[in-house]
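Peer 1: Input: one structure, supplied below.
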Amino acid sequence: FTIFANSRRKGMEQKIITISDARLREAAAQGMDEFLQVFIDRYREVIGGELNAGNMGLLNGEQISLLAYALFREEVMDGGFIQLIHNGYGPFIFDNPFAKAMRLFGAKDFSKLLYEAKKIYDANRENLERDCTDDEFMAKYEKYEAFDDLEESYMDMEEIVTAKIAEYVDEHLDQFAKIVE
């Protein structure tokens, strides 16, 4: 399957991303978070730190999906869906087949949660994405309490979701990087 199929840009060749076998083994011994972080750090290095329309073509769909999960996790764990959307990631997460990718990665309950969050996002998109003062931003947490249960559900399932994604990556390494000596 190809996620974020429109990531191909003219003149932009997908990079063959290499990761050291020794580094990957060392990280895997430390745990699933460290294992995934090796890929995420390498992708960020290849794209110059931030994924955008200009460098998206350097990564394949699976790599973009893993990077999207890392971004989602960081934003939601730090400040919830309101922060994720306020920081401009709403369209990236909700207007792309990210939820489908997570289902295909084996995180079915997480995928369902994303579809539920998308309903709230779509119904309130204009206001959620509007520039605002700090006070207006904080008020969005009260106005959009519908996200609260979803955030709580994600917090409860985060470890399982991350484990499923790590398992998927481990079972499909060639889709995420070329492992070298």
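Peer 1: How would Met32, Met77 line up by accessible area, probe 1.4 Å, largest first? It would help to have the intermediate numbers written out before the result.
Peer 2: On the way: Met32 55, Met77 90 Å².
I get Met77, Met32, largest accessible area first.
Peer 1: What is the distance in Å between the Cα centres of the range 138-170 and the range 50-106?
Peer 2: The two parts, judged by their Cα centres, are 13 Å apart.
Peer 1: Could you point to the residue in Ala117, Pro97, Leu84 farthest towards the positive end of the range 79-159's charge dipole, with +1 and -1 charges on the Cβ of Lys/Arg and Asp/Glu respectively?
Peer 2: So the residue furthest toward the plus end is Pro97.
Peer 1: Next question. Probe radius 1.4 Å, ligands and nucleic acids ignored: give me the carbon and sulfur share of the accessible area of the chain as a rounded percent.
Peer 2: On the chain, the fraction of accessible area on carbon and sulfur atoms equals 46 percent.
Peer 1: Accessible area per residue of the chain at 1.4 Å probe, in Å²?
Peer 2: On the way: 9670 Å² over 181 residues.
Accessible area per residue: 53 Å².
Peer 1: Past the 30 Å Cα-Cα mark, which pairs from Lys108/Lys143; Lys100/Lys178; Lys140/Lys164; Lys15/Lys112; Lys15/Lys119? Working shown, then result.
Peer 2: Working: Lys108/Lys143 28 Å; Lys100/Lys178 24 Å; Lys140/Lys164 32 Å; Lys15/Lys112 32 Å; Lys15/Lys119 35 Å.
Over 30 Å Cα-Cα: Lys140/Lys164; Lys15/Lys112; Lys15/Lys119.
Peer 1: By Kyte-Doolittle mean hydropathy of at least -0.5 and Cα axial length of at least 18 Å, which whole DSSP H helices of the chain are selected?
Peer 2: Working: long enough: 32-46 (22 Å, -0.24); 61-86 (26 Å, 0.46); 108-129 (29 Å, -1.17); 146-171 (35 Å, -0.38).
Span-like helices here: 32-46, 61-86, 146-171.
Peer 1: Once amide H atoms are built 1.01 Å from N in the peptide plane, which residues 5 or more positions from Ser20, or in another chain, come under 5 Å H to H?
Peer 2: Result for Ser20 returns Val180.
Peer 1: Now for a different question. With a/c under 1.5 counting as rounded, go ahead and sort the range 1-155 into rounded, prolate or oblate using the C-alpha gyration tensor (a ≥ b ≥ c being the square roots of the eigenvalues; past the cut-off, prolate if a/b is larger than b/c, else oblate). Working shown, then result.
Peer 2: Values: a/c = 1.90, a/b = 1.54, b/c = 1.23.
Because a/c hits 1.5 or more and a/b exceeds b/c, the range 1-155 counts as prolate.
Peer 1: Here's a follow-up. Given the peptides 63-70, 101-108, arrange them by the average over their residues of other C-beta atoms within 10 Å, most packed first. Don't jump to the answer; show the numbers that get you there.
Peer 2: Working: 63-70: 22.9, 101-108: 19.9.
Taking the mean over residues of other Cβ atoms within 10 Å, the ranking is 63-70, 101-108.
Peer 1: Pairs of Cα atoms under 8 Å, at least six residues apart: use those to get the relative contact order of the chain, whole percent. Walk me through the numbers before you get to the answer.
Peer 2: Working: 174 pairs, mean separation 57.7, N = 181.
With pairs under 8 Å counted, the relative contact order is 32 percent.
Peer 1: Continuing with the same structure: At a Förster distance of 22 Å, what's the computed FRET efficiency of Glu34 paired with Glu181, Cβ-Cβ distance as r, to 0.05?
Peer 2: On the way: r = 20 Å, r/R0 = 0.92.
Efficiency, from the Cβ-Cβ distance: 0.65.
The values are calculated or read from the model by the stated rules, or taken from the named source; none is laboratory data. Because the structure is predicted, anything quoted here is derived from the model rather than measured. All Cβ positions, glycine included, derive from the backbone under ideal geometry; neighbour counts span all protein chains shown. Surface areas here come from the heavy atoms of the whole protein model, side chains and all, with no ligands, DNA or RNA. Shrake-Rupley method; radii C 1.70, N 1.55, O 1.52, S 1.80 Å.
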